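Working notes, structure below.
What follows draws every value from the coordinates through simple rules; no lab data is involved. Quantities reported herein were computed from a predicted structural model and do not represent experimental measurements. No Cβ is skipped: glycine too gets one built from the backbone with ideal geometry, and neighbour counts run over all protein chains shown.
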Amino acid sequence: MTEDIKKDITLSLNGRDYQLTVDPRWTLADVIREHCNQTGTHIGCEHGVCGACTVLVDGDPIRSCLMFGVQADSKAIRTVEGLAKDGKFHPLQEAFMESHALQCGFCTPGFLMLAAGVLEKDPAISDEDLEDILSSNLCRCTGYVNIVKAVQTVRDKMGRDQKRSA
Amino acid sequence: MASTPNRLLGHLGDSVVRLEDPPLVAGKGRYAGDMNFPNQLHMRMVRSPYAHGEIKSIDTAEAEAMPGVVAVWTSETILDIPPIDFREGVNPALEMFRQYPLARGLVRYVGDPVAAVFAEDPYLAEDAAELVVIHVDELPVLIDVYDPPQDFKDGTTEAALMEQAYGDVEKAFADAYKTVEIDVKIGRHSGVPLETRGAIGRYDESKDILELHGAAKVPHRNRDTLCRMFNRPSSGVHLHEGHVGGGFGVRGELYPEDVLVCAAAMRLGRPVKWIEDRQEHMMAANQSRQQRHIIRAAIAEDGEVTAIDDELYLDQGGYIRTHGTRVANMSTGTLPGQYRFPNYRAVCHFRLTNKTPAATYRSPGRFETTFVRERLMDAVAVAMDMDPVAVRRRNLITLEEMPYKRELNVLGDSVEHDPGDYVAQLDQAMDYIRWDEVQAALMERRAKGELVGMGLAMFFEKSGLGPSDGAKIFVDTTGAIEVTTGGASIGQGFETAMAQICAEAIGTDYRRIRVGHGQTDRIDYGVGAHASRATVLTGSAVDKTARKIREKALDMASGLLQTPEDALDIVDGVVIIKDNPSGPSVTLGQVAEALVPTSPSRGDRDPYLSAEEWFHIDHQTYPYGLHIPVVSVDRETGGVTIERYFIAYDIGRAINPMMIEGQLVGGLAQGIGGALFEEFVYDERGEPLSVTFADYLIPTLRELPKPEILLTEDHPSMRTPLGIKGAGEAGITGAGGALASAIDNAIGVPGAVTEIPVTPQKLKKIMDDNDV
Amino acid sequence: MKPASFTYHAPATIDEAVALLGEHAPDDGRILAGGQSLVPTMAFRLARPGHLVDINGVAGLDRVERVGNDLVIGACVRHAAFHEPVLDGPLGAYLSRVVRDIAHYPIRQRGTFCGSVAHADPASEWCAVVALLDATIVAQSTRGERLIPVAEFFQGVMTTSLEEDELLRDIRLPIPAGDTRFGFCEFNRRAGDFAIAMAAVSYREENGVIADPHIAIGGAEDRARRIAEAEQALAGKSPGPDAFAAAADAAATAVDPMEDHATSAQYRRDLVRTLTRRALEQATQ
């Protein structure tokens, strides 16, 4: 590979800027994992079906295997490593543990980011729409029942909290 | 269900949250792909694009010349490395069918590794691998296992003909009131864990130790095989299991790539990392299940099935890998299930084909034969004009007959059913779901033209294959407890289960316990995690070891507290005086402190609050259960919707019901996949057509029901001190048989489903052909 | 499954984009928009473009707007833009209905309407919709702008009449009359999969009978197209089971379905019949 096709980018990952020189063919998933050393974003299929590599790009859940790292220049990327705040787990992380929504844990970061992105956009999402969206990602261990339960729990709690503060 | 008096402490029967989870939800897991070593190389396999052929030449020059490429290997480079052996050791009759790490002379399936490229990064390695050119003289391709055997280079494709039998089958058929025969097939599918395989070989020259990272399932067995292959002592080969993204029987066997990264690490002097890509996984990792059974039943006038005669064809693919003939053995050994069947014969044609090699996948042999057996029982019901439930009742082994022995062998163990009440479970299940009411409601809907139906499949499981496993426990002076096992964690909650067992036996909070597994340098032996044996076998060893810790702690505390041992108890990690719980006490940490070698209070006790114990088991345990689905069928598209799904299962004793339900629901998802969606398809040239996730259809949540589960602890195993039996496979085992039965019922065509997966297209054709 | 090497270009304007495309098209230079079809193809190395011209940063391509009687959809408008109706009336509602069947939510955040049409997968929902609506495809190159009627656009499986140096700049959907009724029905084995077949339909009622019927079939043949025979079976008939069944039969008879290892031509034909009828039934609701 010739050096001249490489590009300099700034990747904003979980609020921290990474100055990187990337080969354009590196997928965003590979850039996050191999060049920012954040390995919580998992690679399950590299053709956009399984969803294990789901991250938030400017708030939208997307498959990071179907986007090149170079395309993420100056975009805000959020991964599972950015969910916890001040040493406290995100409510979704808590709910996944409480509801036994994971077994091997490989799909978990993808589901967490998908759910986090969706609940931020639509905190009152209906069960039907939620199930439709959660069907985007594959899990091979749980049969999904507890994943849906965990996300519903957080949605319902957020709804209650909102009502209380309103 | 067990009561949960002290949910926080995590004693036996408590549905506590898992110890494994915090790093996993934080993205801090360490899966194979997450591990990196300084100066590592990346390996990329070059795989055969031909299903069968003689290798004429392999041109590696162009790849070797590429900048960033360090080496390209073919079988010529590693002539000193033998083929990969069977896990259970030498088997002269089958050894000619073993696979070399790189194909030697012949390629036998598309995906057969023929060369390995070692380069500075995975992108470059893939670029270089494309430049390797393989010249092959193609040979005839064998795809259908039912076609006559052919000559492979070293022998016939019928690698083995295996029979298991008891009683007098001929006489029973001669005396039969009626006989039925069915011809049924199970499609090729597999575990397909969400994490692909991965292996990192590293050779530490300073210590002369070879390390393999990314191990799973059976690290100790694989260490032993690697030691034999590389002629190294077991102290010089260390396998390390990190987090594992799903096992399901597929991941963690010793594959060509594992051997190659080890060899390359030693020869190239740099760590070598290999991460399988998904397309490779779908043509290189073990596949499973594909069988055809032509099976007959002899029936007496009252519906008793007096004999079974089964001829089965098992599609093994291109080589025989580490499992040898285990699936064939489990198929012929467990086919009778929980029915009496006084006379029985099963002959297995164990045959090679030009497809990816096959081996075990969750519930090996039982998913297949439960489908076959329950199809047969439905056929018996039709032949006798009996209710399918009544036919099953007539043939179930009863509690009075337990422990029920059969002259059958499963993995070297003669089959002896644990006490279990199959009839009572059927009654419980039918009450639970209100069988008659549901049937009546379905009948009403059918009368209105809907195609809806209910099915039933009953099964028994096997778990806890022996003979032995051990555990070590060490309590440090802070009271923290480390349990070291040779078990493996493939995501099933092994650490939590072991911690709960240990906590119960010692009398402490399960969160104080750290459970080690999958590290061959920490303990010399281990059964790993397969065949639902981890909790049963390793768990029993942990229980025994923990009891010894408790004994030793009480003995030492008795001295410290000047109180007889039988007046003491351990509660939440503190030794107290039973009659005076708020009086003098010592913590486990203080007890451990009193037992350090230099402690004056130790006396003549062995140093440290530590123990090592073994558990031995004579026979496997046999949990049992049943599946009842309700389905509706779209007459026009052939689509099947699962409206309800009920599972009953007797676990003996539940350690963590939440995790057991998780196993059942997750297993069911895979079972439904195998029954309706998943299939590795090959064309007539042996080209695999299911190498993407768009072609191999793993169910999403939209295709799956929310199952109802009746988990009982009515019959604890008599073979384990805690009464526990395995839980890993019951969710999947009954799915094929139960769904086939429900679909038959829905479309009103008995015996309609003769092969799984039942795709919409196939089902539509069945309905068209039968004027539904 | 790592893509082969390529040179990356990120133009800021349409002129720059088409200039780059014109320059690099001979070296298999291609447009990168959403990438949800192209990138997987590159991962399998079935595509290995030498240059990618990424239009995600090109100003003005992310607009969806009404111009005259057309809804104009720019090359970078994502599927997700249609989750909520982009305009009042039946068309906006219809696009919101159809978008739910396109792949999965995260794919819809990134994939584009025009990219789907340019990719010309026969099982693409948007391809069926543009066929249904007689859309106009607007191509631009350094040679200028070219309007392509949809009937001339799709040439076969993943083949279009777009020249290699042409950017599919936007698509113009004629906005149908406010009383137009729409239906869409597809069949796939799993939620979000490519459909085995699909039917997109529309009609109006005039004096109790069907006027201006459109029926487009996707997924079954090598390209999405309107089926004149089925439309004729509807025209002038009163909407209901008889007319719908006749149209469904006509569609099933008229199509020449693809066949592959997983799906027979007969099965696809049968699905076309069922889906056409169901889409028409949906349109009545």
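Below is a table of values for the structure above.
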read-out: Cα Rg, Dmax, the range B:319-414, angstrom units; value: 15.5, 48
read-out: In Hz, Karplus ³J(HN,Hα) per residue of the range C:229-240 (6.51, -1.76, 1.60; θ = phi - 60°; x = Gly, Pro); value: 4, 6, 5, 4, 5, 9, 4, x, 8, 7, x, x
read-out: Kirkwood Rh in Å, taken over all unlike Cα pairs in the range B:589-710; value: 19.8
read-out: Spin-label proximity, B:Arg702 to the range C:184-217 - amide N less than 12 Å from point 7 Å beyond Cα toward beta carbon; value: C:186-196
read-out: Karplus-derived HN-Hα couplings along the range B:701-709 (A = 6.51, B = -1.76, C = 1.60, θ = phi - 60°), whole Hz, x at Gly and Pro; value: 5, 5, 8, 10, x, 9, x, 9, 10
read-out: Cubic angstrom per residue, convex hull over Cα atoms of the range B:340-496; value: 252
read-out: Cα pair distances of the range C:121-228 binned at 10 Å [whole percent]; value: 15, 40, 31, 13, 2, 0
read-out: Fraction of alpha-carbon pairs over 18 Å apart in the range C:23-151 - percent; value: 56
read-out: Per-residue mean of C-beta atoms belonging to partner chains within 10 Å, peptide A:123-136; value: 3
read-out: Cα convex hull of the range B:57-141 - mean projected area over all directions, nm²; value: 7.0
read-out: Mean projected area in nm² (Cα convex hull; one quarter of hull surface) for the range B:563-625; value: 7.9
read-out: The range B:565-642: trypsin sites (Lys or Arg not before Pro) in DSSP coil with no more than 13 other Cβ atoms inside 10 Å; value: B:Lys578
read-out: Residue order, fewest to most surrounding Cβ atoms within 10 angstrom, among A:Trp26, B:Trp73; value: A:Trp26, B:Trp73
read-out: Euclidean distance of C-alpha centroids, the range C:87-161 and the range A:93-134, integer Å; value: 31
read-out: Computed Kirkwood radius, in angstrom, where 1/r is averaged over Cα pairs of the range B:339-379; value: 12.7
read-out: C:Ala12 paired with B:Asp476, simple spin-label distance in nm, labels 7 Å along Cα-to-beta-carbon; value: 5.8
read-out: Loop trypsin sites (Lys or Arg not before Pro), the range C:65-148, which have at most 13 other Cβ atoms in a 10 Å radius of their Cβ (DSSP); value: C:Arg143
read-out: Radius of gyration and maximum dimension Dmax of the range B:650-733, Cα, Å; value: 17.2, 54
read-out: Qualifying trypsin sites (Lys or Arg not before Pro) in the range B:133-195, DSSP loop, other Cβ atoms within 10 Å at most 14; value: B:Lys153
read-out: Convex hull projection area averaged over all views, the protein assembly as shown, Cα basis, nm²; value: 50.2
read-out: Inter-label distance, nm, simple model (7 Å from Cα along the C-beta direction), A:Ser12/B:Ala65; value: 4.8
read-out: Spatial separation of Cα centroids for the range B:677-693 and the range A:43-76, in angstrom; value: 28
read-out: Principal axis dimensions, largest first and in whole angstrom, of the range B:226-368 by Cα; value: 73, 33, 27
read-out: For the range B:388-436, fraction of C-alpha pairs farther apart than 16 Å, in %; value: 52
read-out: Hits among aspartates and glutamates - C-alpha to C-alpha of B:Lys153 under 17 Å, sequence gap 8 or more where chains match; value: B:Glu54, B:Glu95, B:Asp112, B:Asp137, B:Glu138
read-out: Exposure proxy order (Cβ contacts within 10 Å, fewest to most) of B:Asp175, B:Asp85; value: B:Asp175, B:Asp85
read-out: Spin-label pair B:Glu130/B:Leu94, simplified geometry with 7 Å Cα→Cβ offset, distance in nm; value: 3.9
read-out: For the range B:162-169, 3J(HN,Hα) per residue [Karplus equation, 6.51 cos²θ - 1.76 cosθ + 1.60, θ = phi - 60°, Hz, x = Gly/Pro]; value: 10, 10, 10, 7, 8, x, 10, 5
read-out: Cβ-based exposure ranking for B:Ile308, B:Ile506, in which fewest neighbours within 10 Å come first; value: B:Ile506, B:Ile308
read-out: Subset of B:Lys178/B:Lys764; B:Lys765/C:Lys237; B:Lys28/B:Lys552; B:Lys217/B:Lys472; B:Lys28/B:Lys217 violating a 27 Å alpha-carbon distance limit; value: B:Lys178/B:Lys764; B:Lys765/C:Lys237; B:Lys28/B:Lys552
read-out: Separation of alpha-carbon centers, the range B:47-98 and the range C:206-233, rounded to whole Å; value: 57
read-out: The range C:1-42, Rg to Rh (Cα coordinates; Rh as Kirkwood inverse mean 1/r); value: 0.98
read-out: Equivalent ellipsoid semi-axes - Cα gyration tensor, chain B, angstrom; value: 42, 38, 22
read-out: Residue-averaged [θ]222 nm for chain B, counting only DSSP H segments that reach four residues, each worth -39500 (n - 2.57); value: -8000 deg cm²/dmol
read-out: Entries of B:Lys405/B:Lys544; B:Lys544/B:Lys725; A:Lys88/B:Lys706 with Cα pairs more than 21 Å apart; value: B:Lys405/B:Lys544; A:Lys88/B:Lys706
read-out: Peptide B:699-712, shielding by other chains (average Cβ, 10 Å cutoff); value: 5
read-out: Whole-Å semi-axes of the ellipsoid equivalent to chain A (Cα gyration tensor, √5λ, descending); value: 30, 17, 13
